[in-house]
Structures are given as structure tokens and as C-alpha cells.
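**Student:** Mind having a look at this structure? Questions to follow.
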Amino acid sequence: MSDDCIFCSIVAGEIPSRTVYEDDDVSAFLDANPLAPGHTLVIPKAHHEHVQDVPNDLASDVFSVMHRLVEPAESAVDADGSTVAFNNGEAAGQEVPHVHGHIVPRFDDDGGGPIHSIFGARPDLDDDELDDIAASVSDGADD
Ligand code: 5GP
Ligand code: ZN
């Protein structure tokens, strides 16, 4: 547990939440300021700030719970789909520094657009740059 972490306080029961799922390692609750009805957050109970900080087994557990909750979160509000995503790091808009996955129910007429709509102009990358990036990511994945 991290002091001054609102999600750690929820896990500890110090702050109320509308919990929709809980096991030894993972908790899920409704977002207090939802982007859409049914907006659900899924967190590891242990405090980790970023996706890449979460140990592999726990990351699998978090994804498993997200996978389990997508259908009920959509069904609860009669949604047509959902955006399932992490804001990972301040640059990506992460405000609560305890890793959390968002399940945001989506509706045909909600006008929200895809994740792609976050971004402006796309980078113009030549083949060498793409090869270098691919090699670097691939090397990192082996570590
Ligand atoms: P982020 O921008 O960090 O990815 O998203 C943080 C999310 O946490 C926001 O959608 C915000 O509404 C939600 N949130 C912040 N504080 C609380 C809280 O005390 N309880 C709950 N249930 N959600 C919270
Ligand atoms: Zn925390």
C-alpha cells in the first residue's frame, strides 16, 4: 500500500467504492466520475504505478478480470461495444498513479471515436526508422 494513493485507500476500505469484483489480488469498481454509464476500473490490489511495473502473473490476473467484466459491463448498460484501455504514465494522461484498466461502455451514437482520435498528425517514418524501432522493441521483449 502506498500512502496518499486513492486506489490503495479503496482497496483498504478507507474510501467507499461501488465494487463489482474482488479477489485476493484484483479489485474492480465503478469509476466515480464516469465517461459513460458502466465505466469500470480494474486494478491490482498491490500498488504499482505503471503497466510495466506489474509483475507478469499479476498482469495476467488483471487482464483476466478485465476480460471477465467486459461483457457484464456492456450488458448492464445495454452498450454496443466498449473501449478497454490504460492511460499509462502522465504523458498519456494517467492521473491516479496506481495502474488501472478502464472499461468504458460505448454506444453507436456516442460520438466518442476510436483511441486513434486522441492523436493528431501521424509521424512520417521511413523504413530504416521502422526497422530500428522494431528491432529495439523486439530486443526489449526478450529481456
Ligand atoms: P486516469 O486518468 O488516471 O487513467 O483515470 C483515473 C480515473 O479514476 C478517472 O476516470 C476518475 O474518474 C477515477 N477516480 C478518481 N478518483 C476516484 C475515486 O475516489 N473513486 C473512484 N471510484 N474513481 C475515481
Ligand atoms: Zn495505490
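**Student:** May I ask you to verify whether Asp78 is of a type in the set (D, E, K, R), surrounded by fewer than 17 Cβ atoms within 10 Å (Cβ to Cβ) and touching a helix residue (DSSP H, G or I) at 6+ places or on another chain (Cβ under 6 Å)?
**Tutor:** Working: of a type in the set (D, E, K, R): yes; surrounded by fewer than 17 Cβ atoms within 10 Å (Cβ to Cβ): yes; touching a helix residue (DSSP H, G or I) at 6+ places or on another chain (Cβ under 6 Å): no.
Spelling it out, it is not the case that Asp78 is of a type in the set (D, E, K, R), surrounded by fewer than 17 Cβ atoms within 10 Å (Cβ to Cβ) and touching a helix residue (DSSP H, G or I) at 6+ places or on another chain (Cβ under 6 Å).
**Student:** For the structure I just gave you, tell me whether Pro55 is open to solvent by less than 80 Å² (accessible area, probe 1.4 Å) and without any contact (Cβ under 8 Å) to a residue 24 or more places away in the chain.
**Tutor:** On the way: open to solvent by less than 80 Å² (accessible area, probe 1.4 Å): yes; without any contact (Cβ under 8 Å) to a residue 24 or more places away in the chain: yes.
It is true that Pro55 is open to solvent by less than 80 Å² (accessible area, probe 1.4 Å) and without any contact (Cβ under 8 Å) to a residue 24 or more places away in the chain.
**Student:** Residue pairs, Cβ under 7 Å, 6 or more apart or interchain, first in region 72-94 and farther than 15 Å from Val104 by Cβ, second open to solvent by less than 30 Å² (accessible area, probe 1.4 Å). List them.
**Tutor:** Asn88/Gln94
**Student:** So Ala32 fits all but one of (1) more than 16 Å from ligand 2 (Cβ to nearest atom); (2) open to solvent by 20 Å² or more (accessible area, probe 1.4 Å); what number is the exception?
**Tutor:** The single condition Ala32 does not satisfy is (1).
**Student:** Something else: From the list Val70, Val42, Val11, which residue is within 14 Å of Val84 (Cα to Cα) and open to solvent by 20 Å² or more (accessible area, probe 1.4 Å)? Give the steps one after another, and end with the answer.
**Tutor:** On the way: Val42 fails: open to solvent by 20 Å² or more (accessible area, probe 1.4 Å); Val11 fails: within 14 Å of Val84 (Cα to Cα).
Just one listed residue meets the conditions, Val70.
**Student:** Related question: Counting only residues that are farther than 22 Å from Ala79 by Cβ, near ligand 1 (Cβ under 9 Å from one of its atoms) and among the hydroxyl-bearing types (Ser, Thr, Tyr), how many does region 1-54 have?
**Tutor:** Residues in region 1-54 being farther than 22 Å from Ala79 by Cβ, near ligand 1 (Cβ under 9 Å from one of its atoms) and among the hydroxyl-bearing types (Ser, Thr, Tyr): 1 in total.
The values are calculated or read from the model by the stated rules, or taken from the named source; none is laboratory data. Keep in mind that this is a model prediction, so the values were computed, not measured. All Cβ positions, even for glycine, are placed from backbone atoms using ideal geometry, and neighbour counts span all protein chains on display. Only protein heavy atoms, including side chains, enter the accessible area calculation; ligands, DNA and RNA are left aside. Shrake-Rupley method; radii C 1.70, N 1.55, O 1.52, S 1.80 Å.
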